[in-house]
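Structure, as structure tokens:
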Amino acid sequence: MDLFVDSAGPLLTALGTTIVMALVAGAGALVLGTLVAAARISPVPVLRGAAWAYTQFFVNVPLLALLILAVFALPDAGLIMPLAPTTVLVLALYEAAYVAEAVRSGVNTVGNGQIEASRALGLTLGQTLRLVVLPQSLRAAVQPIGNVMIALTMNTALAAAVGVVELTSAVNKLNLVQAQPILVFTAAGLVYMVLALVIGLGAGRLERKAAIVR
């Protein structure tokens with residue numbers, strides 16, 4: 001245990017980086033994913049096509065490949081950003097595709113009668129989506145979105161591959177010094193498990209509070 005005590009400072013800093021990355025990327029993914037989901041159910045063919053292409057691209061391309069491309073290829077194109085913000089941006093764009101699919105699945109819980117009633121009341125398409133469809137879809141998709149956030153938190157570990165010093169990177173450096181992989185990586189796995197449990201329990205509690213009584 002002394003090795004963790006001696007390295008507590010760098011490990012806690014790296015854990016903080018992981019949590020901040022997950023929070024910022026998660027917020028971005030939630031906002032962008034909701035917009036993409038709205039475009040997927042839009043009657044405008046161009047929007048539907050663009051949203052479909054977006055989700056298909058990010059769902060079918062490995063996150064690690066996207067991270068490497070963003071970190072090493074974009075600077076050659078003249079787009080230079082710090083490592084951490086670049087990683088957060090890629091995570092948000094990637095996970096937004098999964099959020100969009102989760103929200104779109106929630107759309108199926110909204111009855112056609114409610115949409116027809118909104119039209120009868122004179123609501124525009126944008127108002128119907130914003131006031132009727134999306135709020136109920138988000139409430140119905142709380143648990144799937146929670147699962148996406150858990151996956152996002154786990155995926156922050158890939159940031160180590162492009163040089164971001166987060167929890168996995170810090171733990172790997174500690175192992176290189178101490179040469180105790182079982183102890184070190186088991187402890188790291190437990191930390192990730194705790195983060196996943198917190199998100200899962202929070203999503204479950206939110207789902208119960210947001211449940212739609214029909």
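The numbers here are math on the coordinates, done by the rules we state, and not lab data. Note that this is a predicted model, so its numbers are computed, not measured. Backbone-built Cβ (ideal geometry, glycine too); neighbour counts: all protein chains shown.
Some points to look at:
- Taking the criterion of being part of a helix (DSSP H, G or I) and over 11 Å from the mean Cα position of the chain (by Cα), the residues of segment 82-102 that qualify are LEU83, ALA84, PRO85, THR86, THR87, GLU101, ALA102.
- Hits in segment 172-211 (condition: surrounded by 11 or more Cβ atoms within 10 Å (Cβ to Cβ), over 21 Å from the mean Cα position of the chain (by Cα) and among the charged types (D, E, K, R)): LYS173
- Scan of segment 43-86 for residues that are without any contact (Cβ under 8 Å) to a residue 12 or more places away in the chain, β-branched (Val, Ile, Thr) and over 19 Å from LEU32 (Cβ atoms), ordered by number: ILE80
- Residue check, ARG139 part of a helix (DSSP H, G or I), in contact (Cβ under 8 Å) with a residue 12 or more places away in the chain and not hydrophobic (A, V, I, L, M, F, W, C): yes
- Filter result for LEU66 (under 22 Å from VAL31 (Cα atoms), in a helix (DSSP H, G or I), among the hydrophobic types (A, V, I, L, M, F, W, C) and in contact with a helix residue (DSSP H, G or I) (Cβ under 7 Å, 6 or more places away or on another chain)): yes
- Test: residue in segment 16-26 that is farther than 16 Å from GLY163 by Cβ and exposed (fewer than 14 other Cβ atoms within 10 Å of the Cβ): yes
- Within the option set ALA151, ALA160, ALA188, being in contact with a helix residue (DSSP H, G or I) (Cβ under 9 Å, 6 or more places away or on another chain) and closer than 21 Å to ALA100 by Cβ holds for one residue only, ALA151.
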